[in-house]
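Here's the structure, in structure tokens; my notes come after.
The values are calculated or read from the model by the stated rules, or taken from the named source; none is laboratory data. Keep in mind that this is a model prediction, so the values were computed, not measured. Positions of Cβ are backbone-derived with ideal geometry, glycine not excepted, and every protein chain shown enters the neighbour counts. Ligands, DNA and RNA are excluded from the accessible area calculation, which covers all protein heavy atoms including side chains. Shrake-Rupley method; radii C 1.70, N 1.55, O 1.52, S 1.80 Å.
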Amino acid sequence: MSADCIFCRIASGELPSREVAQDERFFAFHDIDPKAPTHILVIPRAHVASLDTAMDEALLGGLLAFVRKVARDVGVAELGYRTVLNTNRHGGQAVAHLHAHILGGRQMTWPPG
Ligand code: 5GP
Ligand code: ZN
């Protein structure tokens, strides 16, 4: 837990969010500024700054498994969805707590911006 990290504070319940799912290790909630009909963020409860500094491979695997479960549970898995991990400045990462975006509910385009 990093006291000055908004996603740590969301995972702990100190800051409000629209929760989608949680377990001992992960927390999923709706993005405050959705870019698709379904736009959910999945974060580890443990503070990890980014994919680049995430050393726990089991945590990374668990994150993807949790993404898959959430996508199924909210009903976007069959038609499909996009999972995005923005990393550092060129990756467009604005919040320095590892998070996976789940984007669905419409056709995604390629390449991304
Ligand atoms: P990034 O650009 O770092 O990959 O994505 C950060 C995401 O977090 C953005 O999509 C942004 O809308 C979302 N976000 C930032 N602050 C909050 C917040 O306080 N609550 C929620 N639910 N989402 C947030
Ligand atoms: Zn954090």
Computed label-point distance, nm, for sites residue 2 and residue 110 using a 7 Å Cα→Cβ extension: 3.2 nm
Within the chain, helix-based [θ] at 222 nm, where runs of 4 or more DSSP H residues each add -39,500 (n - 2.57), nearest 500: -7000 deg cm²/dmol
Within a Gaussian network of the chain (alpha carbon springs, distance under 10 Å), most fluctuating of 92, 62, 75: 92
Two-decimal log10 I(q)/I(0) for segment 38-96, as the Debye equation yields it once each C-alpha is a single scatterer, q = 0.21, 0.24, 0.30 Å⁻¹: -0.90, -1.08, -1.31
Point-charge dipole on Cβ atoms (K/R +1, D/E -1) for segment 6-104, about Cα centre, debye to 20: 180 debye
Acute angle (nearest 10 degrees) that the helix 57-74 long axis makes with the longest principal axis of the chain, alpha-carbon atoms: 40 degrees
Sequence-separation-based contact order of the chain, relative, with Cα cut under 8 Å and 6+ spacing, percent: 29 percent
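Normalised by the number of residues in segment 28-83, what is the relative contact order in percent for Cα pairs under 8 Å and 6+ residues apart?
In percent, rounded to a whole number, it is 25.
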Convex hull of Cα atoms in segment 6-104, direction-averaged projection (nm²): 5.9 nm²
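Given a 1.4 Å probe, how much area per residue of segment 6-104 is accessible, in Å²?
Using a 1.4 Å probe on heavy atoms only, each residue of segment 6-104 averages 57 Å².
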Computed FRET value (nearest 0.05) for residue 87 with residue 64, which takes r as the C-beta separation and R₀ as 22 Å: 0.90
Over 16 Å [Cα-Cα, segment 19-72], rounded percent: 42 percent
Gain on full stretching of the segment that runs from residue 73 to residue 23 - 0.36 nm per residue minus C-alpha separation: 16.6 nm
Of all accessible heavy-atom area on the chain, the percent that carbon and sulfur account for (1.4 Å): 53 percent
